[in-house]
């Protein structure tokens, strides 16, 4: 076999791999490359969630914890992922965060509740985070960023006394840790995608999508010294609100259809 033939064979194999790795994001239809299998992704998400809960304190506020589970179950029903084993917990942590992992493992920090104010505000947050999970944004980050090298490892390897740096990278990919969750700097396309999908999820779940604008306005007012948008992977709150306003007619159609 000549060098040219070997090169063509290798190129053909690479193209076949990329074709197999090409996925479509629900709702938006964006094409993404994911090199980690759904099974590996779910295992990593479950292991990361268990580790997080082990090192966290669950809230003893039963009413608030029940609200998190109630809203989560409604959003989960709207997401229509019967293959996910949904679990919702409220964690004692004053950072205003939340995250949803592959497989339906969701944690909300108590620090986000002053911003959500009520169930509908909480639905904005949980819709956004669950959207990250069903759109497989964490797996996409692992596949296209610096985390590609660990994409093939199972949760048993990563979290079974493995390399702490690798473990931290997995957590970062899925949005776990201080300063992440709702404020996690996913790529701008992924953040916008989570906003769009999350808006439709909350509307389908019977929550007024118009309240999403009010929530993001509260988040905007709470920030001090935020960097210009071009210095951040996050869209500015002004840009985010304008986009949400553009999706609102379709979200209201979905919401009003649920009310009939």
Starting from residues that are under 15 Å from the mean Cα position of the chain (by Cα) and assigned to a loop (DSSP other than H, G, I, E, B), keep the ones in region 80-95 and report whichever is farthest from residue 205 (Cα to Cα). 84
Has region 233-241 got at least one residue that is surrounded by fewer than 17 Cβ atoms within 10 Å (Cβ to Cβ), at pLDDT 95 or above and either more than 17 Å from residue 78 (Cβ to Cβ) or within 19 Å of the chain's Cα centre (by Cα) (or both)? no
What residue, of 127, 138, is buried (at least 22 other Cβ atoms within 10 Å of the Cβ), within 23 Å of residue 32 (Cα to Cα) and at pLDDT 95 or above? 127
(1) part of a helix (DSSP H, G or I); (2) crowded, with 18+ Cβ neighbours inside 10 Å; (3) modelled with pLDDT under 90; (4) touching a helix residue (DSSP H, G or I) at 6+ places or on another chain (Cβ under 7 Å): which one isn't true of residue 186, the others all being true? (1)
Residues of region 31-66 satisfying the condition of being in contact with a helix residue (DSSP H, G or I) (Cβ under 9 Å, 6 or more places away or on another chain), at pLDDT 90 or above and over 18 Å from residue 104 (Cβ atoms): 59, 61, 64
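The values are calculated or read from the model by the stated rules, or taken from the named source; none is laboratory data. Nothing here was measured: the structure is a model prediction, and the numbers come from that model. All Cβ positions, even for glycine, are placed from backbone atoms using ideal geometry, and neighbour counts span all protein chains on display.
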